[in-house]
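Peer 1: I'd like to ask you about the structure that follows.
Just so it is clear, none of the values below were taken in a lab; they were calculated from the coordinates. The shown structure was predicted, so the numbers you read here are calculated from the model rather than taken from an experiment. Don't worry about glycine lacking a Cβ; one is built from the backbone with ideal geometry, like all the others, and counts go over all protein chains shown.
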Amino acid sequence: MRGQGRVYRPKVNGRQTGVWWLDYYHGAKRHRESSRTTVRSEALRLLRRRVAEREEGRITGSGRVTVAELRGLIERQYELDGRRSLDRLRPALSRLEAFFGASTNAVQVTPVRIDAYSAKRLTEGAARATVNYELAALRRMFRLGVKKRLLAVRPEIELPKVHNERQGFFEEGDFAALLLELPAYLRDLVQFARLTGWRLHKEVLPLMWEAVDWQGQVIRIAPQNTKAGDARLFPFGQAPALRSLLEARWAARDGLFVFHGGGRQILDFRGAWDNACKRAGLQGRIPHDLRRTAARDFRRAGVSEGEIMRLCGWRTRAMFDRYNIIDEADLSAAVARRFTGKVEANSAPPLEEPKPVS
């Protein structure tokens with residue numbers, strides 16, 4: 001009966017599938033969805049629940065939404081939210097759309113097809129973290145479809161845990177060797193990143209003098225200029241090394257940007273970085289190691305984890321834990337405190353930095 005719906009097994013390439021599908025009407029529109037089971041009685045039980053939800057007004061959506069329409073939802077939402085990561089998102093959406101098909105009905109994007117997408121991307125050489133980013137985008141698309149009442153259900157999309165934490169730190173000798181090999185216009189930039197723990201490409205390179213409050217002795221970043229979208233400040237009045245660096249940059253200023261090359265914003269320095277690391281015998285080191293080193297140095301100086309997260313810009317504890325890695329020197333110092341009551345010399349903070357003011 002039209003009012004009660006039915007269960008059926010569709011044919012694919014002339015062969016009947018094992019999974020039962022639901023077929024029922026919501027208002028004047030037909031709705032189809034997979035029951036995700038090969039047992040007919042379980043499919044019927046789900047159908048009865050859907051019919052009951054429909055009668056109670058808890059079922060929405062027609063099930064006729066395409067993959068292209070879901071893509072439009074997430075792009076529009078990013079634009080409304082003013083998220084700067086939309087340019088990064090679009091290539092992932094294009095790959096998803098090319099695989100599943102722009103005109104494909106969203107209910108045909110099943111967990112089996114999603115697994116096939118992951119397998120294909122990994123076979124192509126994509127990193128697991130990249131595939132997870134694309135799957136997260138797909139999951140966001142379906143969540144928006146349900147939220148906007150275009151879909152009644154969405155597939156479960158699980159993201160395998162990725163263990164890609166880096167464990168690089170800069171010790172004093174390594175950092176000094178790196179500074180010697182870097183071009184002069186990059187040395188202050190790298191030192192600033194080491195002192196503050198800020199993200200080089202997203203937060204340090206675009207830093208302008210208008211963000212430096214000399215009277216309040218604070219550097220302020222507006223929400224739109226941070227990765228997490230939160231306003232942030234970093235007091236430098238009680239940090240002699242950082243204050244001296246900023247004063248030297250101000251004396252030699254040329255244009256709007258704190259760090260520049262000939263008065264113009266530095267857009268990329270990875271080639272110069274890699275060459276300097278190679279000459280210093282530090283192959284494989286990445287700029288993000290400076291951020292990790294800053295977190296460790298703050299912690300060694302006795303700064304609380306909450307204050308480190310606020311100063312350096314970590315929104316969640318999970319993200320902070322990826323950087324706040326205890327190295328061998330920390331463990332050695334911990335053992336010394338436990339059994340001898342003394343602190344080893346190499347456990348002292350590598351930078352002469354007092355605890356910043358919150």
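Peer 1: Could you work out how far apart the two model spin labels at residue 279 and residue 231 are, taking each label as a point 7 Å from the Cα in the direction of the beta carbon, and quote it in nm?
Peer 2: Between residue 279 and residue 231, the simple spin-label model gives 4.3 nm.
Peer 1: Report, please, the projected area of region 67-147 averaged over directions, based on the convex hull of its C-alpha atoms, in nm². Each step should come with its number before you reach the end.
Peer 2: Numbers: hull surface 20.4 nm².
Directional mean of the projected Cα hull area for region 67-147 stands at 5.1 nm².
Peer 1: Of 129, 74, 102, which is farthest towards the positive pole of region 67-147's charge dipole, taken about the Cα centre with +1 and -1 on the beta-carbons of Lys, Arg and Asp, Glu respectively?
Peer 2: Positive-most Cα among the choices belongs to 129.
Peer 1: Under 5 Å between amide hydrogens, which residues at least 5 positions from residue 208 or on another chain qualify, with H placed 1.01 Å from N in the peptide plane?
Peer 2: 258
Peer 1: Once you put a point 7 Å from the Cα of residue 185 and another 7 Å from the Cα of residue 38, both along the Cβ direction, what distance in nm separates them?
Peer 2: According to this spin-label approximation, the distance is 6.5 nm.
Peer 1: Which distance in nm do the two modelled labels at residue 30 and residue 156 give, with both placed 7 Å along the Cα-to-Cβ direction?
Peer 2: In this crude spin-label approximation the distance works out to 2.9 nm.
Peer 1: So, one more: For a Förster distance of 22 Å, can you work out the FRET efficiency between the beta-carbons of residue 85 and residue 128, rounded to the nearest 0.05? Walk me through the numbers on the way to the answer.
Peer 2: Working: r = 20 Å, r/R0 = 0.89.
Here the calculated transfer efficiency is 0.65.
Peer 1: Also: Counting only residues 5 or more places away or on other chains, whose amide H sits under 5 Å from the amide H of residue 218 once H atoms are built in the peptide plane?
Peer 2: 213, 236
Peer 1: In whole Å, what is the distance between the alpha-carbon centres of region 106-122 and region 235-299?
Peer 2: Value for the Cα centre distance between the two parts: 43 Å.
Peer 1: From the backbone phi of region 85-90, what are the Karplus-calculated ³J(HN,Hα) couplings (6.51 cos²θ - 1.76 cosθ + 1.60, θ = phi - 60°) in whole Hz, Gly and Pro given as x?
Peer 2: Result, ordered by residue: 7, 4, 5, 6, 6, 4 Hz.
Peer 1: Let me ask something else about it. Only residues of region 120-159 count here: report those whose backbone N is under 12 Å from the spot 7 Å along Cα→Cβ of residue 77, or say none.
Peer 2: Hits in region 120-159 for residue 77 at 12 Å: 136-151.
Peer 1: While we're here: Could you tell me the calculated FRET efficiency between residue 69 and residue 307, based on Cβ-Cβ distance and R0 = 35 angstrom, to the nearest 0.05? Write down the numbers at each step before the final one.
Peer 2: Values: r = 45 Å, r/R0 = 1.29.
Using R0 = 35 Å, I get an efficiency of 0.20.
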